[in-house]
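The values are calculated or read from the model by the stated rules, or taken from the named source; none is laboratory data. Small disclaimer: the values here were computed from a predicted structure and weren't measured. Positions of Cβ are backbone-derived with ideal geometry, glycine not excepted, and every protein chain shown enters the neighbour counts. Heavy atoms of the whole protein, side chains included, go into the accessibility calculation; ligands, DNA and RNA do not. Shrake-Rupley method; radii C 1.70, N 1.55, O 1.52, S 1.80 Å.
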Amino acid sequence: MPKFAANLTMMFNEVPFLDRFEAAAKAGFKYVEFLWPYDYNAEQLKEILTNNHLKVVLFNTAAGDVPKGEWGLSAIPGREADARRDIDKALEYAIALGCPTVHVMAAVVPEGQDREAYKKTFIENLHYASEKFKPYGINICLEALSPEVKPNYFLKSQYDTLEIVDLVNRDNVFVQLDYFHAQNVDGNLARLTDKLKGRFSHVQIASVPDRHEPDEGEINYQYIFDKLDAIGYDGYVGCEYKPRAETTAGLEWFQKYQNR
């Protein structure tokens, strides 16, 4: 069975961010992920992880100016210097925290912009990131975001993401398979999982349509977990969902897995 990581950006919001590590550990998690660490000193985060016997397994490059509509910079033509600054900062944190994977955020593509220019820029920045990360054994993941969640994001489908991974053609660049987004856009999750076998190095889960705990909605997650076992996936499964109520009250689904 996969190793589950609590997403501390979305879970345990009953307490401040730095207190969520302890809450996750008390709930039985051994692994955590979050969107961004950059508001905190890396040494401070490392100490909290160590004190709670936790490992961080994923975070993102910076989003940019979110109030202005940015959601990643790495695909924006003309913003290469900013994107590479963010890639370098992510690498610095990944090394300090012992994090094996970083999600390099692409960008929102405004209506009327040239997607091919965004693609070219993204690939060039991913080549840069791959070369920087490789000496440290750190992987890069790319994630598709469904239009309902992030309109006009450069990557909408798992197949969009796979295309970029193929074009980048580096052995430390992978798909980040988020089943919530995949069900909303691609569907046919069992065959999709088979299609992507060996091409993804991180998984995320949430119910569809409401993005709550994985014990409700239209995805049979026990089937998905068994499928991941069957194809030999031994990576992490990030619980990137919005709890229905208080976080620990919704963790009954997790109890049979918490000792892994």
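Only one of 77, 37 is farther than 25 Å from residue 137 by Cβ and not hydroxyl-bearing (Ser, Thr, Tyr). Can you tell me which? It would help to see each step written out before you state the result.
On the way: 37 fails: farther than 25 Å from residue 137 by Cβ.
Within the list 77, 37, the selection yields 77.
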Report, ordered by the first and then the second residue, all pairs with beta carbons closer than 8 Å, sequence separation of six or more or different chains, a first member in the range 206-217 that is under 14 Å from residue 248 (Cα atoms), and a second member that is open to solvent by 10 Å² or more (accessible area, probe 1.4 Å) and in a loop (DSSP other than H, G, I, E, B). 212/242; 212/243; 212/244; 213/243; 213/244
Suppose we filter the range 91-117 for residues that are assigned to a loop (DSSP other than H, G, I, E, B) and among the polar types (S, T, N, Q); how many remain? 1
Out of everything in the range 175-195 that is among the aliphatic types (A, V, I, L, M) and in contact with a strand residue (DSSP E or B) (Cβ under 6 Å, 6 or more places away or on another chain), what residue ends up being farthest from residue 212 (Cα to Cα)? 175
All positions within the range 110-132 that are in contact with a helix residue (DSSP H, G or I) (Cβ under 6 Å, 6 or more places away or on another chain) and open to solvent by less than 10 Å² (accessible area, probe 1.4 Å): 125, 126, 129
Consider only pairs whose beta carbons are under 9 Å apart and that are at least six residues apart or on different chains; among these, list those whose first residue lies in the range 137-154 and is among the basic types (Lys, Arg) and whose second residue is in a strand (DSSP E or B). 150/108
Just a yes or no: is a residue in the range 93-101 of a type in the set (Ser, Thr, Tyr) and surrounded by fewer than 20 Cβ atoms within 10 Å (Cβ to Cβ)? no
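Can you pull out the residues in the range 132-155 that are β-branched (Val, Ile, Thr) and either touching a strand residue (DSSP E or B) at 6+ places or on another chain (Cβ under 8 Å) or over 17 Å from residue 184 (Cβ atoms) (or both)? Spell out how you get there, then give the answer.
Residues of the range 132-155 that are β-branched (Val, Ile, Thr), as a first pass: 138, 140, 149.
Result: 138, 140.
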Residue that is surrounded by the fewest Cβ atoms within 10 Å (Cβ to Cβ) [pool: residues in the range 46-90 that are assigned to a loop (DSSP other than H, G, I, E, B) and of a type in the set (D, E, K, R)]: 65
